[in-house]
1. Dipole of the range 131-272, Cα-centred, from +1 at each Lys and Arg C-beta and -1 at each Asp and Glu C-beta, to the nearest 20 debye?
2. Taking neighbour Cβ counts within 10 Å as the exposure measure, how do M177, M214, M82 sort from fewest upward?
3. State, to one decimal in nm, how far the label point of E50 lies from the label point of Y87, with both points 7 Å from Cα in the Cβ direction.
4. Taking other Cβ within 10 Å of each residue's Cβ, how do D119, D144, D88 sort, fewest first?
5. Can you give the FRET efficiency to the nearest 0.05 for Y209 and R247, using r as the Cβ-Cβ distance and R₀ = 22 Å?
6. Kindly flag which residue pairs out of K67/K165; K46/K67; K70/K257; K108/K264; K109/K250 have an alpha-carbon separation exceeding 30 Å in this structure.
7. Dipole of the range 110-171, Cα-centred, from +1 at each Lys and Arg C-beta and -1 at each Asp and Glu C-beta, to the nearest 20 debye?
8. Using a cut-off of 12 Å between beta-carbons, work out the net charge of the residues near K46 (Lys and Arg +1, Asp and Glu -1, K46 not included).
Amino acid sequence: MMKWNQLTMGAGALLLTTMLSACGGTEQPVAAKEEAPKATQAAGGKFVAEYGEADTDLAAEGLRLLKPGKVLEGFAASLNGMLVLPYDVTLAGEQCGEVNAYYSPDEKKITMCYELVADGFSRYRDKAGTEEENDEHGQANLVDTLYHELGHAVIDLYDLPALGKEDDAADQLSAFMMSQNDDDSASVQTINYYFSSAGDQDRAALPFYDEHSMDEQRAFNYMCWIYGSDPKAYADWVGEDGLPEGRAAKCPAEYEKLANSWTKLLEPHIKD
Ligand SMILES: [Zn+2]
């Protein structure tokens, strides 16, 4: 079983705002063909960041991690530079009373719970070797969660087909977006995040009814897809303590399929 910190080497420090703008602003992951239909080009919606109040210590910490650095504004701006939206979509920081994040199709709103943000930055403090690694875990959790919720949002906004579990499709979009970044810190730490989270769980009480795949499955999926995006660069992930060879052999094709699928689905909605 992969240890949570086996992938931390080489993950450089990165300011979150830099990472966010690099993920969506300067490197558009989906190439728009000239002849591609632009069904919603004239629609004129945009992502709008907003922050609610916080009155618990945990939520206040999450608010502090997001608002002063204008993190949600940065994410919204990078997505606004990339996607044509049929409606305004709210990207909200909120106190939820739980460690969670969700997309509401009724409200056209992605909610990042302050508790989840704060938890992502604090839960590894005892395990991470350095504050820097700890911060990378927190940033990765935030970036992955934002892209995952974006996956739910675009499936709803563009009425996209999603076969299988929608949550797996959302994880695939997140892996695809992160694989476009030159710095692999977010994807590496996302894998660590899910392995670590799985390690904290009582295996006898795993929620098999849940709409998400189990955390350990999500960890291996992300590992497979990121490995599949560049098998040479991540060759040392394969083996007894990492990605089993049988799965690894299929990962380049898995990655290609998800990259092609998401590219095809988003292509009509990418800005010129
Ligand atoms: Zn989800």
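1. Details: 9 positive and 31 negative charges, 143 e Å.
The dipole of the range 131-272 has a size of about 680 debye.
2. On the way: M177 25, M214 17, M82 20.
If I rank by nearby Cβ atoms, fewest first, I get M214, M82, M177.
3. In this crude label model, E50 to Y87 measures out at 1.4 nm.
4. Least to most surrounded, the residues fall as D88, D119, D144.
5. Working from the Cβ atoms, E equals 0.35.
6. Values: K67/K165 33 Å; K46/K67 19 Å; K70/K257 34 Å; K108/K264 23 Å; K109/K250 36 Å.
Check vs 30 Å cut-off fails for K67/K165; K70/K257; K109/K250.
7. Working: 4 positive and 16 negative charges, 18 e Å.
The calculated dipole for the range 110-171 is roughly 80 debye.
8. On the way: positive: K108, K271; negative: E73, D88.
With Lys, Arg at +1 and Asp, Glu at -1, the net is 0.
Read the figures in this text as sums done on the coordinates, not as results from a lab. Not measured: the values here are computed from a predicted model. Note that we place each Cβ from the backbone using ideal geometry, even for glycine, and neighbour counts take in every protein chain shown.
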